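Report on the following structure.
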Amino acid sequence: MADPWLVIIGVGEDGLDGLPAASRSALDRAETVFGAPRHLALLGIAGQAWPVPFDITPVLAHRGRPVVVLASGDPFWHGVGGTLAAHLAPDEWRALPAPSTPSLLAARLGWRLEDVICLGLHATPFARLRSVLHLGARVIVTLRDGAAATELAAWLTSQGLGASRLWLGEAIGGPRERLRHSTAETFELIASAPCIMAIEAMGTGFLPRSGGLPDSLFAHDGQITKAPVRAMTLSALAPRRGEHLWDIGAGSGSVAVEWCLAGGTATAVEARAERADNIRRNAQGFGVDIDVMTATAPECLPGRAPDAIFVGGGFSARLFAALPPARLVVNAVTLETESLLIDLHARHGGRLLRLDIAEVQPLGRLRGWTPSRPITQWSLP
């Protein structure tokens with residue numbers, strides 16, 4: 001680390017005036033400086049702008065020569081730092097970060113940064129917020145441009161969160177800094193990039209944190225693991241943050257969605273194209289990433305090894321034989337599949353449950369219990 005050839009420098013909106021001595025010294029020694037046109041302009045340097053589309057190959061081509069790369073604020077918060085570090089040995093580079101824009105905005109608002117959720121929404125759907133918003137949550141997000149601020153306020157309002165308090169910051173940390181306040185439902189502010197928004201969430205449109213979200217929140221054609229059964233299924237799957245799920249015969253993908261909301265990742269396997277489209281629509285609506293395979297199992301199985309597997313349809317002895325070791329939960333509604341599960345339980349153990357659920361519905365002028373199809377659930381640790 002004594003003499004790395006690459007130095008990654010964080011640049012703020014105050015440009016050259018905000019750089020410490022170490023950053024200025026690295027710039028003086030550099031033969032080549034790479035950066036976005038905005039960063040180069042802030043420092044008044046005629047360096048090399050990043051290629052479009054973005055590519056670090058030009059930097060790597062100068063390996064061994066004194067090079068500086070400019071980044072916004074902290075290069076390791078949605079910056080180029082992580083990308084470069086993944087391609088270099090530890091002794092090839094060092095970083096000289098500046099305060100990140102979320103840090104600066106939190107300081108302006110007097111918010112404890114450890115209590116704030118910071119997200120980059122400049123290239124991510126607003127639905128990514130659904131899993132982190134709760135009453136009183138404080139969230140700071142970067143935005144694509146000024147128009148995105150208006151779009152985000154409208155999205156929050158559409159989610160029943162129009163009472164949320166918003167602070168819109170522009171060019172935070174520089175001479176053009178501006179910070180204004182509004183609510184989502186009354187938002188009429190016009191902003192210019194670079195901009196960032198702080199949210200204090202208020203309203204009634206927050207997602208429940210328990211398993212078994214209402215069926216009405218999902219796009220489906222009737223092929224959906226109903227909310228009460230889904231809650232039991234998720235309990236048996238026991239999702240843990242960072243784990244990967246195979247959802248086979250996924251239908252609407254509701255189990256995969258809730259698994260991801262619990263902090264995991266998922267691959268959904270669904271044979272029917274229209275249902276696969278519903279899974280993608282649900283993933284987008286809930287702001288989660290699900291890899292969707294329009295295929296049948298076991299002919300096609302995901303490449304990534306699972307920590308847990310859920311089979312909601314199409315289970316067979318042949319599929320069971322093809323599955324890798326993982327926590328397994330299978331739901332069956334047919335007698336044939338139930339018979340198979342009884343046999344597998346006898347041979348492999350696990351837990352076998354029968355779920356009989358009935359719901360009150362109108363019966364003439366009165367009410368009565370309307371039973372759903374019984375579910376046989378086998379889970380194997």
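Values quoted throughout were computed directly from the atomic coordinates according to the rules given, and no laboratory measurement underlies them. Just so we're clear, the structure is a prediction, and the values are computed from it rather than from any experiment. A quick note on method: Cβ atoms are made from the backbone with ideal geometry, for glycine too, and the neighbour counts reach across all protein chains shown.
Computed values, structure above
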item	result
Two-site FRET efficiency, Arg38 against Trp155, from Cβ-Cβ distance with R₀ of 22 Å, rounded to 0.05	0.25
Where a label projected 7 Å from the Cα of Leu352 along Cα→Cβ would reach, residues of the stretch 237-253 with amide N under 20 Å	237
Label-point separation, Ala127 to Asp145 (7 Å along Cα→Cβ), nm	2.4
Chain lengthening between Ser316 and Arg365 when straightened (0.36 nm per residue, less Cα-Cα)	13.2 nm
Computed [θ] at 222 nm, deg cm²/dmol, the chain (DSSP H ≥ 4; -39,500 (n - 2.57); rounded to nearest 500)	-7500 deg cm²/dmol
Rounded FRET efficiency, nearest 0.05, which uses the C-beta distance separating Asp14 from Thr83 and R0 of 22 Å	0.30
The chain: antiparallel DSSP beta bridges as a percent of all, rounded to 5	45
Volume of the Cα convex hull of the stretch 80-128, divided per residue and given in Å³	122
Computed Kirkwood radius, in angstrom, where 1/r is averaged over Cα pairs of the stretch 17-166	17.7
Environment charge at Asp277 (Cβ cut-off 14 Å; Lys +1, Arg +1, Asp -1, Glu -1)	+1
Bins of 5 Å, starting at 0 and running to the largest distance - Cα pair percent for the stretch 215-380	2, 9, 18, 21, 21, 15, 8, 4, 2, 1, 0
Inter-site label distance for Thr186 and Arg63 at 7 Å from Cα along Cβ, in nm	5.8
Largest-first principal axis extents, alpha carbons of the chain, Å	78, 52, 34
Overall Cα dimensions of the stretch 173-288 - principal axes, largest extent first, Å	56, 28, 27
Fraction of the pair-distance distribution of the stretch 108-186 above 19 Å, Cα-Cα pairs, percent	35
Summed residue charge, Cβ within 14 Å of Arg240's Cβ, Lys/Arg positive, Asp/Glu negative	-1
Inter-site label distance for Arg280 and Glu336 at 7 Å from Cα along Cβ, in nm	3.1
Antiparallel %, DSSP beta bridges [both residues in the stretch 102-200], to 5	80
Counted charge near Phe187, where neighbours are those whose Cβ lies closer than 11 Å (Asp, Glu -1; Lys, Arg +1)	-1
Projected-area average for the stretch 6-98 over all orientations - Cα convex hull basis, square nanometres	5.4
Cβ-Cβ FRET estimate between Ser210 and Arg24, R0 fixed at 51 Å, reported to 0.05	0.40
